[in-house]
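The next block holds one structure in the form of structure tokens; read it before the comments.
The values are calculated or read from the model by the stated rules, or taken from the named source; none is laboratory data. Predicted model only: the values in this text are computed from it and were never measured. Ideal geometry is used to build each Cβ from the backbone, glycine not excepted, and the neighbour counts take in all protein chains shown.
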Amino acid sequence: MTTDFCKPSRRSPRDRIVEAARDLFRRHGIRGTGVDAIADAAGSNKMTLYRHFNSKDELIVECLRHAGMEMDGFWRELEDAYPGDGLGQLRAWVRRIADHLGDDKCQCEMMSAAVQLTDEDHPGRSVIRMFKDAQRDRVVELCRRAGVADAELLCDTLLLLIEGARAAQQSSGAEGPSARFAEIADAAILSFVGSGDAFK
């Protein structure tokens with residue numbers, strides 16, 4: 001069965017293939033999605049798919065790159081919304097994570113791919129590592145701008161809280177412990193910043 005991706009569009013065949021693949025990978029998993037299904041969902045065919053991508057692995061890499069680029073756009077939005085305000089950007093990032101724990105497509109794509117791509121030599125693994133490293137570097141910088149002395153420790157604390165909150169939501173649902181993620185993350189930030197006035 002085809003999806004909305006096959007409707008007439010000004011998007012290029014390559015873009016439609018990537019978008020269809022990302023959607024199917026999210027819903028059915030990377031291993032559970034074949035190139036026939038991707039081509040069909042994109043309103044295309046295998047010949048066209050392989051004209052743009054030499055293999056399914058190459059398509060997976062492109063999907064992950066697109067997810068990373070979308071996250072880059074979010075970081076730019078944070079900077080525009082809170083210019084020069086590291087603490088404001090940090091808290092806005094936490095709120096965004098809290099609001100989208102279960103449906104953050106970019107983050108979930110990376111996490112899901114990291115679990116499914118078990119071969120360390122898979123080209124997608126390097127994209128995931130670069131994404132994770134870049135995200136950590138950005139959060140560390142926000143922590144520094146917020147005046148946190150041990151910026152790396154706060155960053156790693158928040159990243160571990162995020163991983164735990166996502167796991168808790170999967171096992172206990174949205175009403176479980178993950179519902180308090182924003183509150184817990186704020187408490188962690190406050191303990192490092194050392195002043196409740198920063199949150200007023």
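Counting residues in region 60-80 that are over 30 Å from GLU183 (Cβ atoms) and in contact with a Ser or Thr (Cβ under 9 Å, 6 or more places away or on another chain) gives one or more.
For SER171, the criteria (1) within 30 Å of ARG14 (Cβ to Cβ); (2) at pLDDT below 90 hold in every case but one, which is (1). So is ARG76 under 19 Å from the mean Cα position of the chain (by Cα), loosely packed, with under 14 Cβ neighbours inside 10 Å and of a type in the set (Lys, Arg) or not? Here the answer is yes, as ARG76 does meet what is asked. The set of residues from region 29-70 being out of contact with any Phe, Trp or Tyr (no Cβ under 7 Å at 6 or more places or on another chain), over 25 Å from ALA134 (Cα atoms), of a type in the set (A, V, I, L, M, F, W, C) and surrounded by 14 or more Cβ atoms within 10 Å (Cβ to Cβ) comprises VAL35, ALA37, ILE38, ALA39, LEU49, PHE53. Look at (1) within 30 Å of ARG16 (Cα to Cα); (2) buried (at least 17 other Cβ atoms within 10 Å of the Cβ) and you find that PRO123 fails only one, number (2). Residue pairs whose Cβ atoms lie under 8 Å apart, sitting 6 or more positions apart in sequence or on different chains, and linking a residue in region 107-118 that is without any contact (Cβ under 8 Å) to a residue 24 or more places away in the chain and not assigned by TED's automatic domain parsing to the domain that holds ARG31 to a partner that is basic (Lys, Arg) and part of a helix (DSSP H, G or I), are ALA114/ARG125.
Residue-level check: of (1) under 23 Å from MET111 (Cβ atoms); (2) in a helix (DSSP H, G or I), THR48 misses just (1). As a summary of the residue check, ARG26 satisfies the conditions (1) outside the structural domain of ALA114 (by TED's automatic domain parsing); (2) in contact (Cβ under 8 Å) with a residue 40 or more places away in the chain; (3) crowded, with 19+ Cβ neighbours inside 10 Å except for the one numbered (3). State whether one or more residues within region 81-103 are surrounded by 13 or more Cβ atoms within 10 Å (Cβ to Cβ) and of a type in the set (Val, Ile, Thr). Among the residues of region 81-103, at least one is surrounded by 13 or more Cβ atoms within 10 Å (Cβ to Cβ) and of a type in the set (Val, Ile, Thr), which makes the answer yes. In this entry, LEU87 is excluded by the filter for residues that are in the same structural domain as ILE184 (by TED's automatic domain parsing), among the aliphatic types (A, V, I, L, M) and not in a helix (DSSP H, G or I). Residues in region 13-52 that are under 13 Å from HIS66 (Cα atoms) and acidic (Asp, Glu): ASP15, GLU19, ASP23. The single condition among (1) within 18 Å of MET110 (Cβ to Cβ); (2) β-branched (Val, Ile, Thr); (3) modelled with pLDDT under 95 that THR33 does not satisfy is (3).
Of VAL139, VAL127, all but one fail to be farther than 21 Å from ARG96 by Cα and assigned to a helix (DSSP H, G or I); the exception is VAL127.
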